[in-house]
Amino acid sequence: MSERERPRRTLSPRVLRWEDRTAWPMFALSLLFFAGWVLSLADTKLDGRQQSLLLGAIGVLWAVFIADFLVRLSICGSPL
């Protein structure tokens, strides 16, 4: 089947609503993640407690990204 003959899938309204609600917050969280990751690598003057807090925040952000992915996967309506 060629590319032209393949039917195109459209996004469901649920997915579009989710993306409308979460696009900017997820973008902001990604910037925080990047800043925290760079800070954890670049700043050698952080003590153990600060480093632990920073890595904990990075871990929480990872959990948020994974949760967003799982929500998108569950509402996409496409079989696995």
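For the reader, a short list of remarks on this structure follows.
- Test for G77: is it open to solvent by less than 90 Å² (accessible area, probe 1.4 Å) and out of contact with any Ser or Thr (no Cβ under 8 Å at 6 or more places or on another chain): no
- Picking from residues in the range 43-56 that are open to solvent by 50 Å² or more (accessible area, probe 1.4 Å) and of a type in the set (A, V, I, L, M, F, W, C), the one that is farthest from the chain's Cα centre (by Cα) is L53.
Each row is one residue, and each column tells you yes or no for (1) surrounded by 13 or more Cβ atoms within 10 Å (Cβ to Cβ); (2) among the polar types (S, T, N, Q); (3) in a loop (DSSP other than H, G, I, E, B).
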site: W18; (1), (2), (3): yes, no, no
site: T22; (1), (2), (3): yes, yes, no
site: L29; (1), (2), (3): yes, no, no
site: V38; (1), (2), (3): no, no, no
site: L41; (1), (2), (3): no, no, no
site: I58; (1), (2), (3): yes, no, no
site: L61; (1), (2), (3): yes, no, no
site: V64; (1), (2), (3): yes, no, no
site: F69; (1), (2), (3): no, no, no
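- Flag if E5 is open to solvent by 50 Å² or more (accessible area, probe 1.4 Å), modelled with pLDDT under 95, of a type outside the set (K, R) and over 17 Å from the mean Cα position of the chain (by Cα): yes
- Pairs, first at positive phi in the range 60-77, second loosely packed, with under 15 Cβ neighbours inside 10 Å, C-beta under 8 Å, six or more apart: G77/S12; G77/R14
The values are calculated or read from the model by the stated rules, or taken from the named source; none is laboratory data. For clarity, every value in this text was computed on a predicted model and none was experimentally measured. FYI the Cβ positions are ideal-geometry reconstructions off the backbone, even for glycines, and counts take in every protein chain you see. Note: areas computed on protein heavy atoms with side chains; ligands, DNA, RNA excluded. Shrake-Rupley method; radii C 1.70, N 1.55, O 1.52, S 1.80 Å.
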